[in-house]
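Each remark here refers to the structure printed beneath this line.
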Amino acid sequence: MSAVQSVVVADTRLLRRRRFRDRLTWALAAAGFALLAFVLLHILGYVLVRGVQSMGLKTFLQDTQGISGGLRNAIAGSLALSGLAMLIAAPIGVSAGIYLAEYGDGWAGRVSRFLSDVLVGVPSIVLGYFGYITMVLYLGWKFSMLAGAITLAIMMLPYIARTSEMALRAVPYAVREAAYGLGSPEGRMVLRILLPAARVPIMTGILLALAIALGETAPLLYTAGWSNYLWTGHFTHEGVAYLTYVIWSYIGEPYASAHKLAYAAALLITLMVLVINLLARALMWRRRR
């Protein structure tokens with residue numbers, strides 16, 4: 001066999017091995033995706049079927065009565081807790097993102113980013129214990145709306161801050177130079193130019209943080225407590241009902257009525273998170289267009 005033929009044979013074998021590895025990699029990736037899709041669809045289908053069977057008109061019109069009744073108080077409590085947490089976390093998180101994007105190149109910015117990344121990795125139950133020690137016991141608020149909302153806001157902060165930072169850094173620096181060239185003060189440049197230009201990814205980050213907070217249970221067990229009644233508007237010294245507590249607590253009860261409430265709560269919280277994620281995806285898709 002000549003040298004040329006040997007090179008051709010070696011190249012052919014190398015090409016076959018590469019094709020085999022490529023096909024094997026694609027097959028493993030497809031199998032992994034199929035397994036993930038099957039598990040996800042199975043869970044969603046199970047929650048959908050059992051949740052639809054457990055829901056009725058009284059689910060939205062009655063409060064919980066022990067292990068029976070409806071979920072009106074839990075639905076209102078979940079929306080109020082998440083909404084108040086977003087109102088607290090969004091301004092602080094966006095402001096932190098502005099600082100990190102515009103002035104965060106020094107040691108203070110690096111420390112802030114490090115602490116933000118650490119906060120993302122802190123288990124939510126630890127945040128709940130912190131809220132219990134500081135707000136429920138030390139400040140004397142007891143189980144309350146404000147204690148739960150602030151704890152959720154602390155959990156949401158790093159997501160909003162880092163998303164806002166990346167969104168603002170994505171705005172071309174030439175835009176800043178043009179604003180300075182026209183004599184715009186720094187504060188007006190940030191408020192009138194940078195934030196409007198980055199509003200879509202910032203809103204996307206806020207919505208994703210809201211979806212994460214909406215599905216939390218552990219921090220609220222230590223801060224919001226529970227109530228069988230509709231929230232009366234008091235921010236302290238009054239427990240609050242929320243859907244994830246129903247899932248966590250009622251599914252372990254040996255009664256069919258409690259299981260129905262748990263399945264209905266699981267369906268409602270899944271639909272809420274799904275709507276928020278779809279809205280965030282719609283904002284991202286609109287920005288790409």
Practice item. Take residue 240 and decide whether it is of a type in the set (A, V, I, L, M, F, W, C), closer than 15 Å to residue 67 by Cα, surrounded by 15 or more Cβ atoms within 10 Å (Cβ to Cβ) and out of contact with any Lys or Arg (no Cβ under 6 Å at 6 or more places or on another chain). Key: no
Check your understanding: In this structure, does residue 45 turn out to be more than 18 Å from residue 211 (Cα to Cα), at pLDDT below 85 and either assigned by TED's automatic domain parsing to the domain that holds residue 264 or not aromatic (Phe, Trp, Tyr) (or both)?
Key -> no
Practice item. Give the residues of region 217-262 that are under 18 Å from residue 85 (Cα atoms) and assigned to a helix (DSSP H, G or I), sorted by residue number. Key: 218, 219, 220, 221, 222, 223, 243, 244, 245
**Study point:** Given (1) in contact (Cβ under 8 Å) with a residue 40 or more places away in the chain; (2) part of a loop (DSSP other than H, G, I, E, B); (3) of a type in the set (Ser, Thr, Tyr), number of the condition residue 184 does not satisfy
**Key:** (1)
Revision key, fill the gap. Expected single match for farther than 22 Å from residue 233 by Cβ, in the same structural domain as residue 271 (by TED's automatic domain parsing), without any contact (Cβ under 8 Å) to a residue 40 or more places away in the chain and not in a loop (DSSP other than H, G, I, E, B) among 119, 127, 100 is 119
Practice item. Look at residue 141 and say whether it is farther than 26 Å from residue 274 by Cα, modelled with pLDDT under 85, out of contact with any Cys (no Cβ under 6 Å at 6 or more places or on another chain) and in the same structural domain as residue 82 (by TED's automatic domain parsing). Key: no
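Per-residue answers, yes or no, for (1) within 27 Å of residue 233 (Cα to Cα); (2) hydrophobic (A, V, I, L, M, F, W, C); (3) in a helix (DSSP H, G or I); (4) touching a Leu at 6+ places or on another chain (Cβ under 6 Å):
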| position | (1), (2), (3), (4) |
| --- | --- |
| 96 | no, yes, yes, no |
| 108 | no, yes, yes, no |
| 134 | yes, no, yes, no |
| 150 | yes, yes, yes, no |
| 153 | yes, yes, yes, no |
Practice item. Scan region 204-221 for residues that are farther than 16 Å from residue 153 by Cβ and at pLDDT below 90 and report the count. Key: 2
Point to revise | Subset of region 42-78 (residues that are free of Cβ contacts under 8 Å to residues at least 60 places away in the same chain, surrounded by 11 or more Cβ atoms within 10 Å (Cβ to Cβ), part of a helix (DSSP H, G or I) and of a type outside the set (Val, Ile, Thr)) | key: 46, 58, 60, 61
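From the set of residues in region 155-170 that are in a helix (DSSP H, G or I) and small (Gly, Ala, Ser), which is nearest to residue 213 (Cα to Cα)?
161
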Check your understanding: Looking at residue 81, is it on the phi < 0 side of the Ramachandran plot, at pLDDT 85 or above and under 21 Å from the mean Cα position of the chain (by Cα)?
Key -> yes
Exercise for review: Pick out the one residue from 200, 275 that is without any contact (Cβ under 8 Å) to a residue 60 or more places away in the chain and either part of a helix (DSSP H, G or I) or closer than 18 Å to residue 150 by Cβ (or both).
Suggested key: 275
**Study point:** Qualifying position, being at positive phi and surrounded by fewer than 22 Cβ atoms within 10 Å (Cβ to Cβ), among 183, 252, 187
**Key:** 183
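For residue 158, are the conditions met, namely being modelled with pLDDT of 90 or more and either under 30 Å from residue 67 (Cα atoms) or of a type in the set (Lys, Arg) (or both)?
no
The values are calculated or read from the model by the stated rules, or taken from the named source; none is laboratory data. For clarity, every value in this text was computed on a predicted model and none was experimentally measured. Glycine also receives a Cβ, built like all others from the backbone with ideal geometry; neighbour counts cover every protein chain displayed.
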